[in-house]
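So the structure is just underneath, and the comments pick up after that.
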Amino acid sequence: MTTSTTLTITGLAEAGSRVEVFDNGGSLGTVLVNAQGQWSLTTQPLVDGDHVFSAAATDVAGNTGPRATDVRVTVQNTAGPKIVPISITVGQVNLNGNGLLPVTILSSATFDVRTLNLTTLRLNGSKAASSSLIDVNGDGRLDLVLQFRREDFVDEYTAAIKKDLADGRLDNAHQLITLTLTGQTKDGKAILAAAQVDMFMSGKKLQDLVTQSQARKKR
């Protein structure tokens with residue numbers, strides 16, 4: 001058992017391969033194995049309860065091996081914000097337009113989204129444009145769906161592009177952006193959740209962003 005909600009998972013695999021890490025069957029992300037055959041992944045904040053971690057390595061030829069032996073950890077957060085389950089079901093977020101980004105906070109046996117103070121909720125500092133209560137996952141509990149403006153996260157994408165351009169070349173227009181949800185319950189308890197989202201731009205909008213970022217770097 002641990003009281004820490006953020007864990008660093010480590011392991012060994014063939015140098016140059018990629019390791020995908022799983023928590024209760026869901027992917028936490030993929031990391032590159034270094035020249036010494038070591039890899040590590042630091043999780044986003046984890047909800048209270050039992051977690052089963054596993055990992056699978058894919059070598060440079062594309063061959064994926066069996067998942068490693070499960071590691072079981074129980075998280076019991078006794079201090080700090082309450083970690084709540086969050087789901088962002090959009091696979092990719094196109095920042096070329098001005099659409100909405102839906103973020104779902106899931107109710108559970110130990111957490112009811114109706115206890116949240118909606119006026120305090122922020123995603124990377126941005127307020128939701130609208131909200132609704134819907135049973136998203138069909139478990140009989142109402143979940144909270146927040147709609148955020150996509151343009152509110154252009155600054156985070158721009159920062160990631162600038163970092164990508166550090167060597168003078170853009171490696172990928174798609175950037176994994178960490179979105180952190182903060183706020184309070186109606187009785188004043190802090191809550192926290194986080195997820196990574198694949199954001200991208202394309203065409204002239206991407207080219208303008210790259211050109212501006214490169215020009216600022218030369219100053």
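The values are calculated or read from the model by the stated rules, or taken from the named source; none is laboratory data. From a predicted model like this one, the values you see are computed outputs, not experimental measurements. FYI the Cβ positions are ideal-geometry reconstructions off the backbone, even for glycines, and counts take in every protein chain you see.
So residue 111 passes all but one of these: (1) under 20 Å from residue 182 (Cβ atoms); (2) surrounded by 12 or more Cβ atoms within 10 Å (Cβ to Cβ); (3) assigned by TED's automatic domain parsing to the domain that holds residue 176; (4) within 20 Å of the chain's Cα centre (by Cα). Which condition number does it fail?
(4)
Among the residues of segment 24-36, are any over 30 Å from residue 109 (Cα atoms), crowded, with 18+ Cβ neighbours inside 10 Å and touching a Lys or Arg at 6+ places or on another chain (Cβ under 8 Å)?
Taking every residue of segment 24-36 in turn, at least one turns out to be over 30 Å from residue 109 (Cα atoms), crowded, with 18+ Cβ neighbours inside 10 Å and touching a Lys or Arg at 6+ places or on another chain (Cβ under 8 Å).
Which of the residues that make up segment 41-63 are surrounded by 13 or more Cβ atoms within 10 Å (Cβ to Cβ), among the polar types (S, T, N, Q) and in a strand (DSSP E or B)?
Within segment 41-63, 54, 58 meet the criteria.
Touching a helix residue (DSSP H, G or I) at 6+ places or on another chain (Cβ under 6 Å) and surrounded by 14 or more Cβ atoms within 10 Å (Cβ to Cβ): is that true of residue 131 in this structure?
Criteria not met by residue 131.
Output the qualifying pairs, or none if there are none: Cβ atoms under 7 angstrom, residues six or more apart or on different chains, first residue in segment 93-112 and under 22 Å from residue 157 (Cβ atoms) and outside any loop (DSSP other than H, G, I, E, B), second residue at pLDDT 90 or above and among the small types (Gly, Ala, Ser).
100/129
Tally the residues that are loosely packed, with under 13 Cβ neighbours inside 10 Å and closer than 30 Å to residue 211 by Cα, restricting the search to segment 160-195.
9
Show the residue pairs meeting these rules: Cβ distance below 7 Å; 6+ apart or different chains; first residue within segment 118-145 and within 16 Å of residue 190 (Cα to Cα) and touching a residue at least 60 places away in the same chain (Cβ under 8 Å); second residue aliphatic (A, V, I, L, M) and surrounded by 13 or more Cβ atoms within 10 Å (Cβ to Cβ).
Matching pairs, first to second residue: 121/128; 121/146; 121/181.
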